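Here is the structure we will look at, set down as structure tokens.
FYI, it's all coordinate maths here, none of it is from the lab. For clarity, every value in this text was computed on a predicted model and none was experimentally measured. So basically every Cβ, Gly included, is an ideal-geometry build from the backbone, and we count neighbours across all protein chains shown.
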Amino acid sequence: MKKSDALKKHHFWILLGLVPLFVLIAVLVVNSSVGGAIAKREDDIKKASQDIASKTNPKSNALIEKLDEQIKTVADKKGGLWKDNWDRQAGIDPKTGQQDPSKNLFTWPNSPKLKPFERMNLKFGDRISNDRSEFDEFRKKEIYLAEFSNAKPGFAGTGMANRVAPTQFNGGWERVLRFVDSWTTVQLTSEQVWLLLEDIWVQRSILDAVRTVNIEMAEFNRVPLNKDGQVIDEPLRRKFASRIWDVELAVEKVDNKQVMTGRLANITDRLQLMGLGNVMILRVWLDPGRDGKGAGVEPFEFKIGGEFLPGMGAMKTIKDKDGREKVVPANVLEIVRTDDHLIPAGMAVGEIVRVEQVFDARTVPVRRIESLVMGFTDSRNANAALKTPRFPSYLKEAEAAGTASTGSSPSGSDLSMGGLSSSGGPPSGITPSTGGGSGGATDASGGSGRPGAGGGQAGRTVATVVDAQKQRYLEASDQVRRMPVGLVVVVDQAYLQDVLISLANSPLRFQITQVTWTRFRGNLGVDPVGGPSASDPSGGGVVLSGPGNFGFGGGGDDPDERRPSGGYGGSGRMPSGPLAPSTGGGSPPGPMGPSTGGGPIAPSTGGSGGSGYGGGYGGIASTVSESQLTSGLIELSVYGVVSLYEKYTPPEAEAAKDQQPKDGEVKAKDQEPKKDQEPKDEKGPKDKKGPKDEKGPDGKEPQDKKDPMTTNPDKPKMRARRRVR
């Protein structure tokens with residue numbers, strides 16, 4: 001029997017064993033597929049039930065209208081804030097709409113070719129024409145560099161570095177500010193011009209905030225003058241007070257001449273220096289002027305001699321006119337009348353209106369600017385990728401490079417007020433550049449977060465100062481550009497809060513994000529022999545004598561120096577705090593022993609409570625050591641974000657702009673034929689003829705034949721009346 005026959009004979013039993021297996025597999029497959037469908041259906045039913053439940057409390061039309069009003073209010077508020085901030089920075093009066101050039105932040109260099117652009121109030125990034133070689137004006141020192149410094153011998157100058165005087169720059173303003181001093185033959189572009197201008201605007205505004213501190217601290221306010229419990233109110237005898245000094249002034253007649261005299265008092269608990277050459281100069285306005293505050297009036301310079309005055313509580317022993325000794329407060333100086341106190345005969349004297357102190361490098365509140373950097377982030381934003389301006393060419397470059405949009409804000413950035421971030425750690429510090437270059441070179445990691453200062457040598461080209469510094473914003477939108485900045489100043493510790501307030505009140509809307517300070521342990525670039533110092537080329541530096549007399553031991557010792565051996569060697573100093581001072585400016589730390597050279601130095605005869613001019617305001621001797629000059633100074637580092645607002649565009653103008661066709665784009669309505677254009681005749685092939693001419697009985701075309709469908713545009717359309725028969 002064949003094998004196939006055996007299979008046919010027993011196929012029943014074979015199938016009987018396989019069928020249950022197939023049935024089991026089918027049951028499992030059906031159960032799984034049906035179960036999944038059932039579960040999906042149940043989920044759909046549950047979701048539908050939830051959707052229905054959410055609709056059980058529908059919003060009324062009144063509520064919807066209220067929400068629409070709130071949305072509109074928020075949009076209007078956003079536009080209003082934008083306009084207010086733009087008007088403030090552009091110097092536009094919100095009431096009159098007129099622009100005040102003196103308050104305009106966005107000014108252009110003083111050039112007949114460039115000033116018209118300023119009057120146009122262009123939007124940042126608009127294309128600037130160069131038809132008359134306007135861009136070449138930036139290559140001229142008397143135009144571009146004059147924005148930084150234009151001082152001449154005998155003149156103070158109006159550049160940003162001159163206006164902040166007598167505050168010094170560590171090594172000169174060229175080492176601190178960012179600017180271009182090496183121009184190549186490459187033609188400037190419109191984008192580069194905008195960035196050059198922005199560098200000027202930001203640096204000038206920050207320096208003006210520093211200048212504001214000096215101006216406010218120099219002002220004296222009138223206070224009541226009490227004598228023996230009575231208030232004296234006389235036009236030519238008044239009392240004024242500043243944060244440091246009280247001064248009583250009086251104008252008296254001596255030999256038919258008017259003389260000013262008075263009394264000076266130190267109202268702080270610290271020793272206060274009088275000024276360079278042991279002279280304090282007060283400007284006194286003796287006529288109300290056109291505004292009642294001395295406007296248009298030449299002030300009288302009242303010179304008070306003396307080296308310093310101790311703080312309140314200090315006492316001294318003097319002899320009265322009878323030769324008897326008595327103890328009096330050492331913080332008060334009775335001003336001795338001299339010939340320099342004679343008021344010129346031609347000067348109008350009506351009343352003592354206003355008093356102002358003339359600061360110098362020895363007494364100015366903000367002594368020195370160590371560093372000013374743009375595009376510099378604090379610890380919380382140290383890892384943020386800085387953005388470039390929203391210029392079309394820059395956007396195309398970013399798109400071609402495959403980078404993120406330059407208009408978005410950094411992810412997770414927090415620009416609110418506060419201290420250090422919990423994860424950011426201490427700041428790495430703002431270290432001014434010690435050499436030339438870009439004025440903002442990147443750090444070793446390739447990031448843009450560690451720029452230097454302005455550079456210290458020639459060779460700051462457009463490529464290194466502008467092109468290499470395009471990444472400068474934390475945020476760049478259609479309304480505002482937010483730039484991180486860093487500032488380091490040496491300031492008297494009593495004015496720390498004044499510096500922060502002045503920065504916060506800047507038109508730049510300086511948002512302070514981080515502040516650190518440490519005791520200033522360097523020197524102020526003083527020449528020990530009395531000549532001009534590196535940081536004060538005009539001369540008049542403070543001269544240091546031998547051992548101090550303030551209880552700190554010989555050589556003007558500072559107990560906080562903690563040097564391993566005697567002397568003031570640079571290596572023996574205690575290292576500075578997190579923000580190391582620049583090593584490029586001023587005189588290097590060195591021995592500060594007795595002055596040598598420059599001729600004999602006469603000791604001061606003024607001192608505390610001394611009368612007259614002491615050693616004379618031409619004298620240079622001083623018993624004040626370097627440690628005393630810097631004992632109240634701190635090195636203040638401020639990190640912040642400044643906001644530069646774009647030109648305000650009303651919503652209706654923005655909407656009209658959006659409706660305009662873009663370059664190369666044609667809208668549908670632009671394709672419609674104009675009313676004064678007739679559509680072309682749609683005829684067949686040229687070889688086809690139109691309808692035959694209709695001629696009259698004589699075979700000629702009638703003269704008055706007209707198209708029945710055409711009307712004469714010169715005559716009104718008339719309706720024909722026909723009689724129906």
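Computed from backbone phi with θ = phi - 60° and the Karplus coefficients 6.51, -1.76 and 1.60, the 3J(HN,Hα) list for the range 337-347 is 6, 10, 5, 6, 8, 6, 7, x, 5, x, 8 Hz; x is used for glycine and proline. Based on every Cα atom in the range 1-89, Rg and the maximum pairwise Cα distance Dmax equal 35.9, 113 Å. The P(r) of the range 60-130 has a tail past 17 Å containing 59 percent of all C-alpha pairs. If the chain linking ASN226 and SER182 were pulled fully straight, counting 0.36 nm for each residue of separation and taking away their Cα-Cα distance, it would gain 9.7 nm. Taking the centroid of alpha carbons for each part, the range 99-119 and the range 152-166 are 20 Å apart. Annotation: Cα Rg of the range 145-270 relative to the compact-globule expectation 2.2 N^0.38 Å equals 1.67. Principal axis analysis of the Cα atoms in the range 208-287 yields extents of 42, 30, 26 Å, listed in decreasing size. A simple packing score, the average count of other Cβ atoms within 10 Å per residue, orders the peptides 496-504, 8-16 as 496-504, 8-16, with the highest score first.
Of the cross-linked pairs LYS253/LYS321; LYS227/LYS316; LYS95/LYS647, those separated by over 21 Å at the C-alpha level are LYS253/LYS321; LYS227/LYS316.
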